[in-house]
Each structure stands twice: as C-alpha cells, then as structure tokens.
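> Could you have a look at this structure, given as structure tokens, before my questions?
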Amino acid sequence: AAMQRFLGPLLCLWALRLPAGTGAAARGLDVASYRERVRAMFYHAYEHYLESAFPYDELRPLTCDGQDTWGSFSLTLIDALDTLLILGNVSEFQRVVNVLQEGVDFDIDVNASVFETNIRVVGGLLSAHLLSRKAGVEVEAGWPCSGPLLRMAEEAARKLLPAFQTPTGMPYGTVNLLHGVNPGETPVTCTAGIGTFIVEFATLSHLTGDPVFEDVARKALKALWKNRSDIGLVGNHIDVITAKWVAQDAGIGAGVDSYFEYLVKGAILLQDRELMSMFLEYNKAIKNYTKFDDWYLWVQMYKGTVSMPVFQSLEAYWPGLQSLIGDVDNAMRTFLNYYTVWKQFGGLPEFYNIPQGYTVDKREGYPLRPELIESAMYLYRATRDPTLLELGRDAVESIEKISKVDCGFATIKDLRDHRLDNRMESFFLAETVKYLYLLFDPDNFIHNDGSDFDVVVTPYGECVLNAGGYIFNTEAHPIDPAALHCCRKRKEEQWEVEDLMREFYSRKKTKKFTLKRPPDYGEEENAKDSKDASSEKAGEKRNSKKNSHSLLSCPSQSFNSKLAVLGQVFLDNT
C-alpha cells in the first residue's frame, strides 16, 4: 500500500493515457517505420560527430570537421548521452561515460554561457548519472548520492556560482571557468538566463546535500518575480546589478521562454506550490495581454501594448507546457496554429510575421529546433490525437529532405530556398531526435506508468527509482523526481529514529513499544540536512507553505517500521 501511495502521484506528468494505437491506425501512419528512421537519423549525425568533430563541441557538417562553441566540453557527446539510452544503446552509453570521465576538464580559461553550460552540461551529466544504473554501468556504493558523473556535474555547477554573486542575486550571463566573472562583464542578462536553474540546481542540492545550488536558483527566480510590472509581466533583459529592465518586450519566446518552463517543472519536481502559483499568475497576465486568436504576441511589459506581432520558433514549447498544467484544449489550438507555419515552410522560421503570414527579414532560418516536436510529444501522451503523429512524420520528411548531408544534418539558413549553414547544434541530438523518437515509441521506459520500477538501497534507506514521471530540463535531459528523495533523511524520519532510540535505551526492560507515525506521511522537508543550522531553518520555513497534496504532490512512502542498529533489527513488537 505504501508503494502504491508513492508511485501513484509520482506519475503526474503521464496521467492522461489512452489505449495504445488509437488514432495512428486511423490515419495509416506506420509508427514503427518512422521510429526506425529517427534512429537512423541519430546515428547518421552521431557517428559523423565522432568521426569528424570529436572532441570539439559541435560538428560542422558541410566541411566535415568540428568547432568549439559554448566552451570546450565535447558538448555534443554530453548532450547525446541520455539519448543513447533512450534508443537502447547501453554499450555506447557505457563507453561514453568512461570517455567523459577521462577527457572533460572544467579547469580551463574559457568564457562560458552560464545558461547554456547549466542546461547542456550540468543537466546532461545529472541525467546520465541518474540513468547510469539502468544503462548497466557499475555504480559505486552510495549511488545515486555519489558517482563520477554527479561529481562532474557538481564541479561544472560550482564554476557557475560566481555569476550569482550580485546585489540582486540574478546572475551574470557569462563566467570564466578559471577566473570567475570577468571585470567589465556586462550586467545585462536575459530573463531566461536568470530563471532557468531550479531544475538542475535543486537536483544537485538534493543529491549532494549542499543547499547552495538550490538557494541561488530560488533567489534568482524570486528576484524576477519581485521585479515584474504592475500588470504582471516581465521583460526580456534586465540589469542584474540595478534590477532595471533594459529590454521591456514581454512575451513567451526568446529570452524569456524557459523561465516560465522552469516555474512549472520546478513546481512539479519539488512539489512546490509557491512556484506553481507564480506561474499561474504570470499565465493570467500572458492570456490577458499577449494572447490573440490562440497566437501569442510581444507587448510592452508596463502598458500591454503590442510591440511585435511575430511568432518565434522558440515559442513552440508553450503548448507542451500548457499540457503539463492540464490546459490541453488551449494547447491544441495554439499547436495547430504553429503547425500551419511548419506546413507552409517545412520547418519553423525563427521569426514569423503573423499579420503578413510570412518570414521576417534575416530571421528565415531553422536550426533544427525541437520545440514544436516537444509539444507534439507531450500532447500526444495526453490526447493520442493522430495530428500530432503527422507533425512528427512531417518533421522527419523535412529534416531528411532539406538538411541531411554526407556528414550529418545542417542548420537550414533560409527556409525559402533551403540554403544550409555549416553547423549542427548539439540540441539536435539532445532534443530534436529524442522527442521525435519518444513520439514514435509509446513503450519507451521514459513513458513508464509506474508498472515497473527499481528499489535501490542508499545510505539513507530504500529508494524507488525509474518509476516514470521524468522531468525534462529545457535541453530534454530527463530527471527522475524520485531521486531527489534518495539522498537525505526526512525530518520526521530522523525524529522517529531519535524517539525510538531514546525509548529503547530508557525502557530496556519493557517487552513492547510502538513507533509513532508522523502526522502526515507525505509531508516532505524541502531543505537538505545541513551542518549550517541557518540553512536548515530557512528550508523549514520554505516548506511550511507546502502541506497540501495537489497535482504537484508526489509524496514518498512512509517510514518503514523497523530499524537496524548495529546489525540487529528491532520491530514494534520487540
């Protein structure tokens, strides 16, 4: 029964499930065939990266060589690692884990994007760490609370922490991995570059026991919330020293997008009602001021007047995000608007002028972005609408026809004439191919409905993992939310143990005593046990706001009524 209580709410992301096969057969789409074509796409790109570009960050597919872009991390290899497991390639996953341990060094004199390093490197390493056991990697004692990939993720994240040392708590956009923030670094950072850390950093804090990561991520999120306009909107870029908005365009797209995404995903991951309430307030303002006929425009953040009547390809994540909060009808209507643009060009141009129904000058390209496919994957899990599979089919056909070259897949420089650019971004293997594959693979372990799971013994007791409900970071790296409960003792459990020990030693001669249950088996301590008493107190204060089991609540199972002391097991009838 306790296991059922744990697994049921955990699967909140995939709660809406319809019988397999509905819709697909009605349209005659061969799902298995397209799944294998997506697999072939991945290996065509991945193998040419290994042959022509590794150890550089990215493949240049037109010249069959490589380049460093966001640092010097062999970025495509990190980004593609969990995709390998989703495709079922455990042997290559294991090989790459060893390669990364031996070859990646973060002590380098490189200026790196704080945002990109977090979502691609920290997120990719955390996901791979949590999937290692499933991939057959021989994990060390104490996993998932320890391990080489976790240590690498922590090392990379610590290199980013100096960026958060500002008067507002909002981070600089760039940091030098060896020296910290450069003197003279611009204090202007985009909204997404401030609010896209809670998923990775909270996961790190829960696994390592160091609260600093979650603390800085929360402070940055709340600083943006504090500086929203009177009508409830945030702008595009802000000065992290003065908290003055530099770019005052408000919307759901580039420069803002993943801030909203992480409020929702952070709320689900951490069962945090405050984060969800923040998003829902933003959502009201977005609907009131930016939504027109199921399109979302850009408006002036203080007045709500339209500043740019354009659709950006990065906005196509929004229907998927709407599906996570249960707003499926609105999500589908907006998705269908975006799908019409895809049909018009065979891809989504970076900017699309809605009134004119055409591309915007110098924004005609499509760098093989995943966002519309991502939304299709989420919505298909919720509705099984065959239209969503048709988008996947169209994406496979377009990408293969337009962007496939001898050495991989090239960015489409101009959707009007199909000119190509000499770049294959790492997100093509991390996100685009992954979401396409998951759209066409209904039985993938990522879609687990709780019928299968692993019980892992950690230094803190038994832990349920791989039961489903994965939270994708904004680079499509899946995080198992159950893992956040593996590496710390819940406060009430610690209290129970102490109470039991006191009772045992003070009443040795009695034959029976009873364990006291916590008042609510599902209440979780959001803060980690820490040597710093002030950090623990702050965490308890945060948690006092979260006592309800809403759709956010995925509680852990209650404390097991037995305790081993020096190898001896004591039961409540001892």
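> In Å and whole numbers, how far do the C-alpha atoms of segment 23-102 stretch along each principal axis, longest first?
Extents along the principal axes: 48, 30, 20 Å.
> May I ask you to give the solvent-accessible area per residue for segment 70-308, in square angstrom, as obtained with a 1.4 angstrom probe?
33
> Quick one: which residues, 5+ away or cross-chain, put their amide H under 5 Å from the amide H of I479? H built at 1.01 Å from N.
Those qualifying (amide H under 5 Å, at least 5 residues apart or on another chain) are I471, F472, N473.
> Quick one: what are the phi-derived ³J(HN,Hα) couplings along segment 51-66, Karplus 6.51/-1.76/1.60 with θ = phi - 60°, whole Hz, x for glycine and proline?
Coupling constants for segment 51-66: 6, 10, 10, 4, x, 5, 5, 9, 8, 9, x, 7, 10, 6, 9, x Hz.
> On to the next question. Which one of L391, I402, Y470 is farthest out on the positive end of the charge dipole of segment 338-471, using unit charges on Cβ (Lys, Arg +1; Asp, Glu -1) and the Cα centre as origin?
So the residue furthest toward the plus end is I402.
> Go through K404/K434; K222/K244; K265/K303; K343/K434; K343/K413; K159/K244 and tell me which ones have a Cα-Cα distance over 19 Å in this structure.
Listed pairs above 19 Å: K265/K303; K343/K434; K159/K244.
> So if I place +1 on the C-beta of Lys and Arg and -1 on the C-beta of Asp and Glu, and nothing else carries charge, what would the dipole magnitude of segment 70-308 be about its Cα centre? I want it in debye, nearest 20.
Its charge dipole is roughly 720 debye.
> In whole angstrom, note down how far apart the Cα centers of segment 64-136 and segment 239-263 are.
The two parts, judged by their Cα centres, are 28 Å apart.
> Something else about it: Enter the per residue convex hull volume of segment 70-308, computed from alpha-carbon coordinates, in Å³ rounded to the nearest integer.
131
> For segment 393-446, state what percent of all Cα-Cα pairs lands in each successive 10 Å bin, counting from 0 Å until the bin that includes the largest distance.
For segment 393-446, the binned pair fractions read 22, 50, 22, 5 percent.
> Sticking with this one: Considering only protein heavy atoms and a probe of 1.4 Å, how much of the accessible area of segment 70-308 is carbon and sulfur, as a whole percent?
With neighbouring chains kept in place, the figure for segment 70-308 is 49 percent.
> Per residue, what volume in Å³ does the convex hull of the Cα atoms of segment 224-332 enclose?
99
> Here's another thing I want to ask about it. Calculate one ³J(HN,Hα) per residue across segment 223-240 by plugging θ = phi - 60° into the Karplus curve 6.51 cos²θ - 1.76 cosθ + 1.60, and present them in order as whole Hz with x for glycine and proline.
The phi angles translate into 5, 5, 4, 4, 9, 5, 6, 5, 9, x, 10, 10, x, 9, 9, 9, 7, 6 Hz.
The values are calculated or read from the model by the stated rules, or taken from the named source; none is laboratory data. Predicted model, so just to flag it, every value in this text is computed and none were measured. Quick reminder, even Gly has a Cβ in these numbers, built from the backbone with ideal geometry, and neighbours come from all protein chains shown. Ligands, DNA and RNA are stripped out before the accessible areas are found, and what is left, the full protein with its side chains, is counted by its heavy atoms. Shrake-Rupley method; radii C 1.70, N 1.55, O 1.52, S 1.80 Å.
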